[in-house]
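The values are calculated or read from the model by the stated rules, or taken from the named source; none is laboratory data. Note that the structure is a prediction, hence the values are computed from the model and not measured. FYI the Cβ positions are ideal-geometry reconstructions off the backbone, even for glycines, and counts take in every protein chain you see. We work out accessible area using only protein heavy atoms, side chains counted, and drop any ligands, DNA or RNA first. Shrake-Rupley method; radii C 1.70, N 1.55, O 1.52, S 1.80 Å.
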Amino acid sequence: MNFTASKQPESCLLGPESDSQRTLYPYVTVTSVVALKYKDGILMAADMGGSYGSTLRYKSVERMKPIGKHSLLGASGEISDFQEILKYLDELILYDNMWDDGNSLGPKEVHNYLTRVMYNRRNKFNPLWNSLVLGGVKKGEKYLGTVSMIGVNFEDNHVATGFGNHLARPILRQEWHENLSFEDGVKILEKCMRVLLYRDRSAVNKLQIAKITEEGVTISQPYSLKTYWEFSAFENPTQGAVGSW
Amino acid sequence: MFRNQYDTDVTTWSPAGRLFQVEYAMEAVKQGSAAIGLRSKTHVVLGCVNKANSELSSHQKKIFEVDDHIGVAIAGLTADGRVLSRYMRNECINYSFTYESPLPVGRLVVQLADKAQVCTQRSWKRPYGVGLLVAGLDESGAHLYYNCPSGNYFEYQAFAIGSRSQAAKTYLERRFENFTDSSRDDLVKDAIMAIRETLQGETLKSAICTIAVVGAGEPFHVLDQGTVQQIIDTFETAAEQEDPATEPDAATGQEAAAEQGTAADHGGSTDEGAAPMDI
């Protein structure tokens, strides 16, 4: 019998208090994922930093994984929930393969499956604390979609999670166009990641870029972006400011 | 087949390794009115003969739309067929909801076969007494499958089941090699001709047959009587001698049958639902 003061009001629909395993806050988190469609498929970028609150604790977190033959999943948010999602997808792909019948789940199907999972968890007040980006190519058709922890999902030519929505999407809206070459796509992604590196507190300067085409998935080795800190505004930051910050 | 001491339970083997109850269930399929199916690379056509108990009643619904891309024609215990169609519709709609993608026909057919197999291995159940011709389209092309009460399924280029189906099968066997590259309209014509074979002399008119098509860019639907009659007219006038005599009969017979026929046929394809008399 639990004698401590209960935080749940009596009219609560959230189940017995012993059911205290619901997700309330994230603990180890990863930051933005940015992705775009290009000529041959999808390009996705994510850095490798895992934060424990405000501590930058893990510096080699791989957050983009191939799913089945046709999809690539990138995630931001709680790492343990991402690992849980990978387990669900593992099982999904396994059962899909066990049919052994020439049919396979494409990126559209995986995206919708994830949407169902995220939305149903949100309905039970026990969300998987992630924002997911799902990209892929199947039979020449490119697909890029995103799902949030509350089940909001949509497809677009370029998507981002977290801070990426505020810092990267405007760049993408300006510079994205149909049939980008691989080099141009990478250039745009690096531009986005650089802005995120400068401005997102939880970003680290160690990133991977992944591409998925009809042939398959390639995830680059980790590398760093060149940064520039010699802007004159940085030399005397308070020069033009009324007051300082 | 004769009665013997091993045919009481489905869970009893005969010494020769046969399950008689399952075989008896397959007999039920042979007694039902004919259903045929044929496919090309891009389309699948199903057809069936409409049998009514009496002139006063409507005929039984034997073709069911399962999803936009799958339909089924049944022969045998139509009640069992109706229940299985409901199962198939459920599976399709659940898959569509989760994956926003149509269920591949091959997978639906395997699920159906596994469901039928269960009934051959439980002492408190009986096998489904219905054969299903499942027609569908998916990423890998057009498919026609036959699901048996035994839990087996086979893929076919063309097939016929039910009573006097052998006549249709003979007709189809002669021409199936051309089906892959057939146009949609030729395929429908062949389906109607195959139906005619099972009628063996009875006049072919749209009131006594139902035709349904599914194809690339064409969701599964039952063709309306007018269209079917037009197609019948095109080759009846060319082929048959007694046509001038029977045409007026067909026309008047059409009108009378049209009322009940239309309601019944349309029930397969529109939301007006099956005519109340059908079930």
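Select from the range B:159-172 the residues that are open to solvent by less than 20 Å² (accessible area, probe 1.4 Å) and either of a type outside the set (Phe, Trp, Tyr) or at positive phi (or both) and list them in ascending order.
B:160, B:161, B:162, B:165, B:168, B:172
Do we have residue A:91 as in a helix (DSSP H, G or I), free of Cβ contacts under 8 Å to residues at least 12 places away in the same chain and either open to solvent by 10 Å² or more (accessible area, probe 1.4 Å) or within 14 Å of chain B (Cβ to nearest Cβ) (or both) here? Write out each step before concluding.
Numbers: in a helix (DSSP H, G or I): yes; free of Cβ contacts under 8 Å to residues at least 12 places away in the same chain: yes; either open to solvent by 10 Å² or more (accessible area, probe 1.4 Å) or within 14 Å of chain B (Cβ to nearest Cβ) (or both): yes.
Taking the combined requirement at face value, the residue satisfies it.
Does the range B:78-93 contain at least one residue that is touching a Gly at 6+ places or on another chain (Cβ under 8 Å) and either modelled with pLDDT under 95 or over 22 Å from residue B:61 (Cα atoms) (or both)?
Yes, the range B:78-93 contains at least one residue that is touching a Gly at 6+ places or on another chain (Cβ under 8 Å) and either modelled with pLDDT under 95 or over 22 Å from residue B:61 (Cα atoms) (or both).
Do you know which residues across the range B:91-140 are outside any helix (DSSP H, G or I) and within 14 Å of chain A (Cβ to nearest Cβ)? Steps first, please.
Initially, the range B:91-140 is screened for residues outside any helix (DSSP H, G or I), giving B:100-104, B:119-140.
Result: B:100, B:101, B:102, B:103, B:104, B:136, B:137, B:138, B:139, B:140.
Between residues in the range A:59-70 that are under 13 Å from residue A:218 (Cα atoms) and residues that are in a loop (DSSP other than H, G, I, E, B), which pairs lie under 6 Å by C-beta distance while being six or more apart or on different chains?
Final answer for the pair search is A:69/A:104; A:70/A:106.
To keep it simple, each residue is scored yes or no on (1) open to solvent by 60 Å² or more (accessible area, probe 1.4 Å); (2) assigned to a loop (DSSP other than H, G, I, E, B); (3) modelled with pLDDT under 85; (4) farther than 20 Å from residue A:123 by Cα.
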| position | (1), (2), (3), (4) |
| --- | --- |
| A:6 | yes, yes, yes, yes |
| A:13 | yes, yes, yes, no |
| A:25 | yes, yes, no, no |
| A:45 | no, no, no, yes |
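Can you name the condition, by its number, that residue B:62 falls short on among (1) in contact with a helix residue (DSSP H, G or I) (Cβ under 6 Å, 6 or more places away or on another chain); (2) under 16 Å from residue B:32 (Cα atoms)?
If we test residue B:62 against (1) in contact with a helix residue (DSSP H, G or I) (Cβ under 6 Å, 6 or more places away or on another chain); (2) under 16 Å from residue B:32 (Cα atoms), just (1) comes out false.
For the range B:28-61, enumerate the residues that are part of a helix (DSSP H, G or I) and exposed (fewer than 15 other Cβ atoms within 10 Å of the Cβ).
B:31
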